[in-house]
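Chemist: Okay, here's the structure, questions in a sec.
A short reminder: the numbers here are calculations on the coordinates, not readings from a lab. Computed from a predicted model, the values in this text were never measured in an experiment. For neighbour counting, all protein chains shown are included, and Cβ atoms are generated from backbone atoms with ideal geometry for every residue, glycine included.
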Amino acid sequence: MSVKKVALVTGAGSGIGRAVAKGLAKAGYSVVLAGRRQDALDATKAEIGGDCLAVATNIADPASVAALFAATKKTFGRLDVLFNNAGIGAPAIPLENLSVEQWKSVVDTNLSGAFYCTQEAFRLMKSQSPSGGRIINNGSISAHVPRPLSAPYTATKHAITGLTRSTSLDGRKYNIACGQIDIGNAATEMTARMASGVLQADLSTKPEPTMDARHVVDAVVHMASLPLDVNVLFMTVMANTMPFVGRG
């Protein structure tokens, strides 16, 4: 009898995280939902139904992350896929005006939080039987090029690329694969403002196109469902005419 695979999604209370969690559940995974707000996670859980665990988690806190993975192991016994998706930005103000607290908040969530989750995933995936699993990081277009006034977010997303490469290399001996999806302008509540204009590199403000988030879901489910001897190391999914190629 085949064992149902288990996927853990951070930032699952809204946006891409919620959409991907629902997509993974539809693809047959038991899903663990992680995020700061229990009410938002419960809303996602209600949309999914079935084998679903919602755990309020502050991924910037190593103890909170450890509790999340302990709950995952207790409930499902294993973990097959981790989607490191949770992320925040800082206010769009000149970098010289950013406070240390604003900088650290983004770094602690986007970079350190992804590392803490990766570390706990390694520990669980190494020890389970059969061993191994897959980690997928949400890199963003900002892993390649910045928007104006986005130094903390852009720096952490560039760092995620390094974490992806190191995780892919260090995971080989444990049958742990790691890849990264870089998403450009998926239509969620976070990108709704793009219709009214987004600050460009030349300091003009212009509307930008978006794409249906289901294409991101399809891409992540594809990456997640590959056998562990195959890996999509990097994938970019974007609104075709958005200012990425040629940005700036």
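Chemist: Which value at 222 nm does the chain reach when only helices count, each DSSP H run of 4 or more adding -39,500 (n - 2.57), with the total divided by all residues and rounded to the nearest 500 deg cm²/dmol?
Modeler: That calculation yields -12000 deg cm²/dmol at 222 nm.
Chemist: Something else now. Once the other residues with Cβ under 12 Å from the Cβ of residue 80 are scored (Lys, Arg +1; Asp, Glu -1), what is the net sum?
Modeler: So the surrounding residues net to +4.
Chemist: Let me ask you something else. Please work out how much length the chain gains when fully extended from residue 42 to residue 233, using 0.36 nm per residue of separation minus the C-alpha to C-alpha distance, in nm with one decimal.
Modeler: Here the segment from residue 42 to residue 233 would lengthen by 65.6 nm.
Chemist: Still on this structure, I have one more. For every other residue with a beta carbon closer than 13 angstrom to the beta carbon of residue 127, add +1 if it is Lys or Arg and -1 if Asp or Glu, then tell me the sum.
Modeler: Result for the neighbourhood of residue 127: +3.
Chemist: Greater than 20 Å separation of Cα atoms is the criterion. Which listed pairs, 157/206; 4/26; 126/173, meet it?
Modeler: Checking Cα-Cα distances, 157/206 exceed 20 Å.
Chemist: Given the Cα-Cα distance of residue 95 and residue 71 and 0.36 nm per residue of separation, how much length would full extension add, in nm?
Modeler: 4.8 nm
Chemist: I've got another one for you. Among 82, 98, 111, which comes first, then next, by fewest other beta-carbon atoms within 10 Å?
Modeler: Ascending Cβ contact count within 10 Å gives the list 98, 111, 82.
Chemist: Given H placed 1.01 Å from N in the peptide plane, which residues other than close sequence neighbours of residue 135 have an amide H under 5 Å from its amide H?
Modeler: 82, 177, 178, 179
Chemist: With the contact rule set at Cα under 8 Å and sequence spacing of 6 or more, what percent relative contact order holds for the chain?
Modeler: Over the chain, the number comes to 17 percent.
Chemist: May I ask for the net charge around residue 158, where only other residues with Cβ less than 14 Å from the Cβ of residue 158 are counted and Lys, Arg are +1 while Asp, Glu are -1?
Modeler: For residues surrounding residue 158, the net value is +2.
Chemist: Assign unit charges at the C-beta atoms only (+1 for Lys and Arg, -1 for Asp and Glu), then state the dipole size of the chain relative to its Cα centre in Debye, rounded to the nearest 20.
Modeler: 580
Chemist: Compute the acute angle (0 to 90°) between the alpha-carbon long axis of helix 113-127 and the principal axis of greatest extent of the alpha-carbon atoms of the chain; round to the nearest 10°.
Modeler: In the chain, helix 113-127 runs at an angle near 20 degrees to the longest axis.
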